[in-house]
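Computed from the coordinates by the stated procedures, all read-outs in this text should not be read as laboratory data. Everything numeric here is computed off the predicted structure, so don't read it as measured data. As a convention, Cβ positions derive from the backbone with ideal geometry for all residues, glycine included, and neighbour counts pool all protein chains shown.
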Amino acid sequence: MNSPDSIRPGRHRLDDVQDPADAAGVRRVSLWVPVADLTRVLLHSRWKFHNLHTAYEVLRCPERTYCGIRESKDDERTGWCFVGRREKLRDAENLDYPRPAGSLFLVFVYENGDVAEWRLESADPSDPLMPTLPDVRFGSLKWRKA
């Protein structure tokens with residue numbers, strides 16, 4: 001990851017987030033959102049744009065972090081998935097609403113520190129803090145909030 005004072009042209013910096021590589025969950029780093037992605041999201045998904053703040057909250061205080069992102073059965077990318085529950089989300093009009101029961105907010109980060117995706121998903125029925133099918137979708141559980 002990069003130091004907080006580093007500059008990456010074409011990217012918006014998110015400071016003071018939990019370092020996904022730190023198994024203790026203590027070290028803080030900066031992560032990045034490509035401006036082109038923000039522009040695309042603003043134009044095509046107001047819900048997602050307004051919930052970038054929710055994504056930032058999850059990056060700062062995740063409940064779990066998984067290492068390795070599997071986009072298919074045979075393809076694992078180096079990166080992390082931050083998982084959290086926030087009581088409120090924002091709708092397309094930027095108004096607060098309660099998080100749907102049984103849902104989690106996931107934020108995907110690539111190895112280079114770019115935030116690739118953020119979204120709401122259903123939790124696994126066996127564990128309210130676990131995304132569905134974690135053994136299939138992720139490499140391993142890296143960190144769990146005590």
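Using a 10 Å Cβ count of at most 11 others and DSSP loop calls, identify the longest part of the chain lacking such GluC sites (Glu not before Pro). Don't jump to the answer; show the numbers that get you there.
On the way: sites that count: 87, 93.
The longest uninterrupted stretch comes out as 1-86.
Between the labelled values [x] 0.99; [y] 1.02; [z] 0.95, the entry that holds Rg/Rh (Cα atoms, Kirkwood Rh) as derived from this structure is [z].
Compared with the alpha-carbon gap, the fully stretched path from residue 13 to residue 110 is longer by 33.5 nm at 0.36 nm per residue. Projected label points at residue 21 and residue 36, each 7 Å from Cα along the beta carbon direction, are separated by 2.5 nanometres. Rounded to the nearest 20 debye, the dipole magnitude of the chain is 200 debye, with +1 charges on Lys and Arg beta carbons, -1 on Asp and Glu beta carbons, and the Cα centre as origin.
How far apart, in nm, are two points set 7 Å out from the Cα along the Cα-to-Cβ line at residue 53 and at residue 6? For residue 53 paired with residue 6, the spin-label model returns 2.9 nm. May I ask which residue of 106, 7, 65 lies farthest towards the positive end of the charge dipole of the chain, with charges of +1 (Lys, Arg) and -1 (Asp, Glu) on Cβ and the Cα centre as origin? Positive-end residue among those listed: 7. Contact order for the chain, expressed relative to its length and based on alpha carbon pairs under 8 Å spaced 6+ residues apart, stands at 24 percent. Note on residue 136 and residue 88: the model spin-label points, each 7 Å out from Cα along the C-beta direction, lie 3.6 nm apart.
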